[in-house]
1. Rounded, prolate or oblate: which one fits the chain, using the alpha carbon gyration tensor with axes a ≥ b ≥ c (rounded when a/c is under 1.5, else prolate when a/b beats b/c, else oblate)?
2. Measure out, as a whole number of angstrom, how far apart the alpha-carbon centroids of segment 139-183 and segment 261-304 sit.
3. Counting only pairs 8 or more residues apart or on different chains, how many lysine pairs in the chain have their Cα atoms under 30 Å apart?
4. Cα convex hull of segment 324-437: mean projected area in nm², to one decimal?
5. Using a Debye calculation, one point per C-alpha and no hydration shell, please list log10 I(q)/I(0) for segment 382-462 at q = 0.11, 0.18, 0.20, 0.26 Å⁻¹ in order.
6. Just from its helices, what would the mean residue ellipticity at 222 nm be for the chain, if runs of 4 or more DSSP H residues each count -39500 (n - 2.57) and the sum is divided by every residue, rounded to the nearest 500 deg cm²/dmol?
7. For segment 202-245 and segment 382-453, what is the centre-to-centre distance using only Cα atoms, to the nearest Å?
8. Which value in nm describes the separation of the simple spin-label points at Tyr132 and Trp430, placed 7 Å from the Cα toward the beta carbon?
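Rule-based calculations on the coordinates, nothing more; no lab input. In this text the structure is predicted, and so the values were computed from the model without any measurement. All Cβ positions, glycine included, derive from the backbone under ideal geometry; neighbour counts span all protein chains shown.
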Amino acid sequence: MHALCRNESCYPMEATEQGEQRFAHTEQGEQRFAHTEQGEQRFAPTDSALSTQHSALSTQHSALSTQHSALSIYLHIPYCEAQCIYCDFNTYVGREGQFAAYVDALCREIAEAPAQLAALAAPSPHLQSTIYNLQSRLVSTIFFGGGTPTVLEAAQLAAILNAVRANYNVAADAEISTEANPGTVTEAMLRELRALGFNRLSMGAQSLDDAMLVTLGRHHNAGEIGEAVQMARAAGFANLSLDFIFGLPGQTQQHWQQDLEGAIALDVPHLSVYSLIVEQGTPLARFIKQGRMAVPDDDAAGAMYDWTRLRLAEAGYGQYEISNWAKSPAYECEHNKAYWRNADWLAFGPGAHGHLAGMRYHHILAPTAYIKRINEGKSTIKQETLDQRGQAGETIMLGLRMLREGVDVARFRDRYGVPPEHFFATELAWLAQNRLIVRDPARIYLTERAVPVANEVFVKFV
Ligand code: SF4
């Protein structure tokens, strides 16, 4: 029940690059969606010729509004210093020798993506016009995720950001975030990043218990988390976030409370707090199976989450999403909000997932193959197909994650030409009757009692 998904910024691995070690996870930026594989289609109900016409009109309308709305950009850096035992994201260790070639390939992909996307098989007119207008749309958020982007040098991150600026219309006030791990940053590097235009830093702390950090395979200790926060502030990062995880191996309620009190004492304006998910194929899953580790059960993890919500509210943090809290709306992560609004974003790098005009796509996973294909001028993109009902379900599921904003009904109608009930009348009525959602004329949002069991609400829209 408390398997709350993390991370918008990368996607779990599905295939192995031969002979290489793969790990997974990113700290923030949650990018994890239910997908339909290419070729596998679910068909939306079209009740009548009238609804077909309506749908065509709404698609045109949506195409026009999409072309003028802001765009987000995600850049995946698939490298880490070491493996964390719970991680299943598309990230690799021991690849320092590949960094330069990867940065070159990524910059090339950034420049060539509109042509690669335009070459996709049979894009719809809506998608074609969206792709045609990509480079003129205002980019409001850019997110470097991974992996650990700060394993690269500042000059390499600068090259990537410059490639984005050279090829897209980046807003002067765009939110530009990078993920980082405390052990991988210095004040000098953070100053360089700030000077380059990075204005939001999201660091993976995960715990403030040194023994737990060792257990998890993290490369930093609790003292270094505090030092990294000080360095970030000194470098000029006011918009600063830390990630924590509860439900860790052997963790008790008391241990978690100590962690969260320590997080509050660090006084950063944004906190992401996730429930541990034991992902198949990770070392953690193996250790649990072997009886070498145990994690708190659902009830214990639920109690930790409930207490987290109460304590963070008391400490002045507003919960704007299931796993995210900010001291004021100014510190909410605009990039992640674009995901939860199911807006358009471009994704660059192996395993990264993008979304344009209702089409989801992803890149091949393995960095070596990715670099090779980019250098050969070949596409690394795989298109995914989701029918309109599937898209609408994702839009509702993601919107419900935002506790205050919820699903914006006007935006939904603008996109699909019909209200949410057109696709999910039974589900929405049942959830409202059971006081798990509120259906206002303007928005749909989770009730207070639904937040701890949000995943049970979300599955109604899969
Ligand atoms: S730092 Fe750890 S948890 Fe984060 S992406 Fe790297 S291996 Fe995964």
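1. Because a/c hits 1.5 or more and a/b fails to exceed b/c, the chain counts as oblate.
2. After rounding, the separation between the Cα centres reads 28 Å.
3. 5
4. Computing the convex hull of the Cα atoms and averaging its projections yields 9.4 nm².
5. The Debye formula, applied to the Cα set alone, gives -0.26, -0.68, -0.83, -1.39.
6. -12500 deg cm²/dmol
7. After rounding, the separation between the Cα centres reads 35 Å.
8. Computed distance between label sites Tyr132 and Trp430 equals 4.3 nm.
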